[in-house]
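A short write-up of the structure that comes next.
None of the figures in this text is laboratory data; all of them are computed from the coordinates on show. On a predicted model such as this, the values are computed, not experimentally measured, just so you know. Virtual Cβ from ideal backbone geometry, glycine too; neighbours counted across all protein chains shown.
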Amino acid sequence: MKIDPWSSTQYEDYARLIDEFGIQPFDSTGLPNPCKLIRRGAIFGHRGFELIKKAILNRKRYVILTGLMPSGNMHLGNKMVLDQVIYHQSLGAEVFVAVADIEAYATRNVSFEEARKIAIESYILNYIALGLMPGNCEIYFQSKREAVKDLGYSLGKKVNWSEMKAIYGFEDSTNMAHVFSPLVQVGDILHVQLERYGGPRPTLVPVGVDQDPHMRLTRNLASAYRLFSVKEVAEENVGIFVKGDENVEELLDAAQKTLSEKGHEDFESNYAYKALYIKDAGKDDITDIEASLIPTELTFGGYGFYLPSSSYNMFMSGLTGGKMSSSVPESVIMLNDEPSVGAKKVMNAKTGGAISLDEQKKSGGKPEDCTVYELLLYHLVEDDDELKDIYDACKSGDRMCGECKKYAAQMLEEFLRDLAKKRKSARNRIDDYVVWE
């Protein structure tokens, strides 16, 4: 199994993705007022989300980094990520949105001028119209943010061509702009922890699972640039190891001083092994110890990155069945679609109904295989009880596909009409969000 950030593959075997790529199952227990995507299991996996959950529950600072690819129109599948961003913003998270114009140029041959136009007309206006708030939100363009490019270039020193080929499947014919674009994304994800952008703090990147290669690369590089490595070395015994050969004794002494102030008392230093052993700590303390050492690393000139976390949402099916593709317009609802056009697409959508009306009344439908039900599940029906009633009525044969299509088409038409009005009023607010240079 291969995950490619630039393909249009439709991933459906999420259990296999979890097993083969080390993605963790997502557990929403304890999250306050979870949005409908979280409540309904549309977020299936994560890397390091425990760090974000801890920040949420303890009301600590954390930041969201998300991005948009300005190579085509925004559709309902893209909206699933924004819905998560808006949820986390409601909990107090800071939001950074990267317009991936460098990636669009490198991988889709979209000029920077065209990317800017697409980003504004198809994405940024919709982001504002859908409820993204200003104030603790910043939208920027990759090509204009020197800190992103500089950081990506600098951190790239610790990844080689062999690793890039293994992660992304690059071939000898891959152009070098394409090869560099993942490092720009590393810069996107980690630059929000630089001092001028808020300093080190837990960082969440909500994405589709097709973007997991970027997260693996970024987490690897964030870890590679930590000055300390923290590991469990024995039961109730944690080791802190200095990675480099400079300032070893000073780093270990500073680490002991910091952790003493955090309540640890039983230490053993071994300068020859570049190690400090904490004998009153266990594996459950490792995350807190890593966080506690960040100020020490900054003092010694390190980056002190928190490993960025990610959450992965399921993909929507195309309305015609199979994968959603902007090259097949009838398979996807674009947010800039005319309301009547969107409604027509729903009326022509593939459903999970039986082969005949009589058969459906007898045996029931299959909402889990229905693209119209997906629209209701992910986007159109807010009330969980109403959604359950629709599901049960379909399964029992009491609700026919025609009724569902008409209902969904009407709701979608109203949604698109309301969104269009909000886009118009959003136009004079763009400068409240976008940092142009």
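Can you compute 3J(HN,Hα) from phi for each residue in region 116-125, using the Karplus curve 6.51 cos²θ - 1.76 cosθ + 1.60 with θ = phi - 60°, rounded to whole Hz and x for Gly and Pro?
Couplings: 4, 5, 4, 4, 6, 6, 9, 10, 4, 4 Hz.
What are the lysines whose alpha-carbon lies under 19 Å from the alpha-carbon of K158, with same-chain residues fewer than 8 places away excluded?
Excluding near neighbours in sequence, the set is K149, K243.
Output the 0 to 90 degree angle, nearest 10, between the alpha-carbon long axis of helix 401-426 and the longest principal axis computed from the alpha carbons of the chain.
It works out to around 60 degrees.
Apply the Karplus curve 6.51 cos²θ - 1.76 cosθ + 1.60, θ = phi - 60°, to the phi angles in region 367-384 and return the couplings in whole Hz, x for Gly and Pro.
Taking θ as phi minus 60°, the curve returns x, 5, 10, 10, 5, 5, 4, 4, 4, 5, 5, 8, 9, 9, 10, 7, 7, 5 Hz for region 367-384.
How far apart, in nanometres, would the label points at K388 and N160 be if each is projected 7 angstrom from Cα along the Cα-to-Cβ direction?
Going from the K388 label point to the N160 one covers 5.6 nm.
Let me check I've understood the local charge: for S90, count other residues with C-beta under 14 angstrom from its C-beta, Lys and Arg +1, Asp and Glu -1. What total comes out?
Around S90, the charge tally is 0.
Determine, for each peptide in 399-409, 76-86, the mean count of other beta carbons within 10 angstrom over its residues, then list the peptides with the highest first.
Result, highest mean Cβ count within 10 Å first: 76-86, 399-409.
Sequence-distant or interchain residues sharing an amide H contact under 5 Å with T203, placed H: which?
V63, S309
With the calculation restricted to Cα positions, what are the radius of gyration and Dmax of the chain in angstrom?
23.9, 80
P(r) tail for region 216-307, what percent of Cα pairs lie past 15 Å?
Percentage above 15 Å: 55.
List every residue whose amide H lies under 5 Å from the amide H of I333, counting only residues 5 or more places away in sequence or on a different chain, with H placed 1.01 Å from N in the peptide plane.
L76
So for the pair S325, Y197, with labels modelled 7 Å out along Cα→Cβ, what separation do we get in nm?
3.4 nm
Are there GluC sites (Glu not before Pro) in region 134-197 that DSSP puts in a loop and that have at most 10 other Cβ atoms within 10 Å, and which ones?
Listed in order of number, the matching sites are E171.
What ³J(HN,Hα) values, in whole Hz, does the Karplus curve 6.51 cos²θ - 1.76 cosθ + 1.60 give for region 72-85 when θ = phi - 60°, with x put for Gly and Pro?
So the J values, rounded to whole Hz, are x, 6, 6, 10, 5, x, 5, 4, 4, 5, 4, 4, 5, 4.
Project the alpha carbons of region 329-435 onto their principal axes and report the range along each, largest first, in whole Å.
Rounded to whole Å, the extents work out to 57, 28, 20 Å.
How far is helix 248-261 tilted, in degrees, relative to the longest principal axis of the Cα atoms in the chain, given as a value from 0 to 90 rounded to the nearest 10?
70 degrees
Can you give me the distance in nm between label points at K54 and N175, each placed 7 Å from the Cα along the Cα-to-Cβ direction?
In this crude spin-label approximation the distance works out to 4.4 nm.
Restricting attention to region 74-174, which chymotrypsin sites (Phe, Trp or Tyr not before Pro) occupy a DSSP loop and are surrounded by at most 16 other Cβ atoms within 10 Å?
For chymotrypsin sites (Phe, Trp or Tyr not before Pro) across region 74-174 that sit outside H, G, I, E and B with at most 16 neighbouring Cβ atoms in 10 Å, the list reads F170.
Where does region 227-279 land on Rg(C-alpha)/(2.2 N^0.38 Å)?
This ratio for region 227-279 stands at 1.02.
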